[in-house]
Amino acid sequence: MAEGGRQRAGGENSGEGAGETAWPEGNPSRAFARGGRMGEKQTVRVRTVVYPRLVRWDRPRVLEEKGSGGRRSRRRRIQPTMEKGKLSSALFAGTHFDRKRFSGDFARFRKGVPPVPALEATPPAPEKKRKRKSKTNAKSKKKKRADGAASASEVVEGFSVFKGVEAKDAAEDSEEVEVGKDVDEEFLRRRKEAEREIERAAILRKRFDIHISGLNVPAPLESFEELVSRYGCDSYLVGNLSKLGYQEPTPIQRQAISILLSGRECFACAPTGSGKTLAFLLPMLMKIKPGSKGGVKAVILCPTRELAAQTTRECKKLAKGRKFSVKLMTKDLSQDGNFKDMHCDIVVSTPLRLDHAVKKRDLDLSRVEYLVLDESDKLFELGFVEVIDSIVKACSSPSIIRSLFSATLPETIEALARTIMHDAVRVIVGRKNSASSLIKQKLIFAGTERGKLMALRQSFAESLNPPVLIFVQSKERAKELYKELAFDDIRVDVIHGDLTEEQRQDAVDNLRAGKSWVLIATEVLARGMDFKGVNCVINYDFPESASAYIHRIGRSGRAGRSGEAITFFTEEDKPFLRNIANVVVSSGCEVPSWMVALPKLKSRKHRVDREPISVLSDED
């Protein structure tokens with residue numbers, strides 16, 4: 001300011017006290033009005049402060065002075081030391097105020113302010129109280145701010161511009177949470193149900209001695225009624241099953257039917273007489289629509305003509321009541337059949353005849369949905385590998401379901417079968433490559449060929465329980481044995497490859513009808529032929545392999561019935577006795593310990609050159 005105005009004194013550089021200012025004698029305001037010309041001067045001790053708009057004189061004030069070294073400040077207490085009138089004159093000297101604007105402030109000064117004690121007389125006690133009071137005030141202010149923030153938050157929570165949107169979002173979130181809970185509960189329920197199904201299936205398989213190999217294998221059937229509930233089977237099929245005497249499914253039927261109806265491929269190994277034919281016929285008739293156009297829908301391959309004819313009869317019985325066209329591939333049909341104009345749903349054939357019809361008569365197999373290889377191991381053993389491969393290629397539908405069924409399944413045949421199948425399930429009932437436990441088996445040492453004929457006649461003399469099947473090694477030996485037994489008082493018949501198809505069928509029908517008591521046969525009847533009620537099977541010639549033995553004796557003890565099997569062996573057959581003895585032991589029968597202790601041979605098959613059976617001379 002100017003010389004006559006207010007001067008700011010530095011508190012640290014002044015002489016006595018802090019901030020001394022020299023005023024002219026008399027009224028300071030008049031002296032300033034006259035331009036500062038005054039007579040004598042007198043010194044007035046006054047504390048100079050930077051005044052605010054409103055000064056409170058009722059308590060000491062604190063001034064803050066910032067130092068030049070940063071934000072650090074120095075606080076000092078200041079007390080006024082002048083009287084009210086002089087102090088106001090000193091404060092407002094040389095300054096113009098708008099009295100109308102600050103009338104309220106002037107009025108407060110006119111009312112009077114209580115005197116304030118001098119600076120020297122200020123005791124230290126109020127300072128401590130001030131500190132405590134300031135602490136309490138700070139705490140109260142913090143509490144008020146916290147309360148204000150809480151109230152503000154309450155107000156914000158209580159009122160929102162987007163209240164409708166937020167409520168909608170909250171409702172959607174709650175719905176999503178509820179839906180998520182429902183989904184989780186449904187998932188857990190289905191998971192528990194699936195676990196219970198797996199447990200029930202495992203118990204059922206263990207009960208019926210079913211062994212499976214594959215992923216996600218369907219559960220076996222508990223009864224035939226489950227075909228309706230699980231797979232929607234037509235009532236006519238269930239009625240036909242009841243009429244044909246099928247009350248409960250066999251172990252192979254329980255598992256194989258569910259696999260095929262689920263669209264999976266399978267190769268099954270089950271004992272002879274366990275119902276394998278029904279296991280592949282029933283799913284076929286359930287899935288194929290009768291009378292549909294477009295060619296053949298199913299193909300069944302059998303190793304022999306007799307087995308093919310038997311399968312055709314069983315299929316027609318089961319399909320009774322529906323217009324299924326089931327054809328047996330005969331020799332005439334294979335050579336002269338017009339398959340382009342012929343309606344056919346299911347074809348049952350031997351490999352050679354079907355292959356001839358495909359190549360020579362333009363039989364279309366591109367729409368076949370089911371391909372079954374019955375007695376599959378025999379099909380591959382007979383040298384039909386190339387023919388089977390040609391038929392498999394002709395059945396070129398991408399949705400085709402292939403299946404293999406047999407009582408024996410060697411490792412080589414199983415490996416070969418996997419090359420033509422996709423994601424197949426292996427099903428084994430009981431022990432693999434084992435005979436039925438319902439058959440009582442005996443191994444009898446006969447010494448020589450003449451000894452076998454004598455033992456056979458002795459057996460018939462002691463107890464003849466027809467019908468009886470006798471298996472020999474070749475058709476020549478079948479003819480010789482037929483000549484020997486024809487002179488005895490026994491109703492005997494023979495079947496072999498040199499007979500016509502009609503003669504062979506008559507021989508089979510005569511045994512079924514009871515016209516003949518004993519039927520002499522070669523391996524042609526050892527595969528799949530179902531002679532219900534055959535009480536005894538006699539292996540007159542030692543079987544070539546364990547597989548041949550299983551299929552031979554499997555003609556008895558079928559469909560839950562008991563049976564008997566007698567096997568003659570000579571000195572020439574002893575080296576090959578161990579394989580057969582192991583099969584007998586595995587099915588629960590007893591054999592002498594020396595048979596099992598015989599050395600193991602590398603070759604599993606043998607064919608001995610035997611002496612003629614006939615003991616009569618050609619002259620006789």
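Every number in this text was worked out from the coordinates using simple rules, so none of it is lab data. Because the structure is predicted, anything quoted here is derived from the model rather than measured. With ideal geometry, Cβ positions are generated from the backbone for all residues, glycine too; neighbour counts draw on all protein chains shown.
Of note:
- For the stretch 322-334, the Karplus equation 6.51 cos²θ - 1.76 cosθ + 1.60, evaluated at θ = phi - 60°, returns couplings of 10, 8, 7, 9, 10, 10, 9, 6, 8, 5, 5, 5, 5 Hz by residue, with Gly and Pro reported as x.
- Beyond 30 Å in Cα-Cα separation lie the following of the pairs Lys206/Lys276; Lys442/Lys479; Lys331/Lys440: Lys331/Lys440.
- Stretchable slack from His343 to Glu544, in nm (0.36 nm times residue separation minus alpha-carbon distance): 68.1 nm
- Listed residue (Ser459, Trp517, Ile444) projecting farthest to the positive dipole end of the stretch 428-547, Cβ model: Ile444
- Between Asp423 and Glu225, residue separation times 0.36 nm minus the direct Cα-Cα distance comes to 68.5 nm.
- DSSP-assigned coil residues among trypsin sites (Lys or Arg not before Pro) in the stretch 332-363, each with at most 13 further Cβ atoms within 10 Å: Lys340
- Set Lys320/Lys378; Lys289/Lys327; Lys378/Lys532 screened for pairs whose C-alpha atoms are more than 24 Å apart: Lys320/Lys378
- Between Arg561 and Arg361, the FRET efficiency estimated from the beta carbon spacing at R0 = 45 angstrom works out to 0.60.
- Under 5 Å between amide hydrogens, built in the peptide plane, is the criterion, and for Ile401 it picks out Tyr370, Leu371 among residues at least 5 positions away or on other chains.
- Along principal axes, Cα extents of the stretch 196-429, largest first, whole Å: 54, 41, 31
- Environment charge at Asp573 (Cβ cut-off 12 Å; Lys +1, Arg +1, Asp -1, Glu -1): 0
- Net charge of Cβ neighbours under 15 Å - reference Glu225; Lys, Arg +1; Asp, Glu -1: -2
- Estimated vicinal HN-Hα couplings, Hz - the stretch 214-231 in sequence order (Karplus 6.51, -1.76, 1.60; Gly, Pro = x): x, 9, 6, 6, x, 5, x, 6, 8, 7, 5, 5, 5, 4, 6, 6, 8, 10
- Charge context of Lys320, other residues only, Cβ under 13 angstrom, K/R +1, D/E -1: +4
- The residue list Ile288, Ile420, Ala201 was ranked by how far each Cα lies along the charge dipole of the stretch 196-429 toward its positive end, using unit charges on Cβ atoms, and Ile288 comes out on top.
- Distance between the pseudo-spin-label points of Arg322 and Ser397 (7 Å out from Cα toward the beta carbon): 1.3 nm.
- Sorted peptide list for 256-269, 429-442, criterion being average Cβ within 10 angstrom, highest first: 256-269, 429-442
- Calculated from backbone phi, Karplus (6.51, -1.76, 1.60) coupling profile of the stretch 420-432 in Hz, x at Gly/Pro: 10, 10, 10, 6, 7, 9, 9, 10, 10, 9, x, 8, 5
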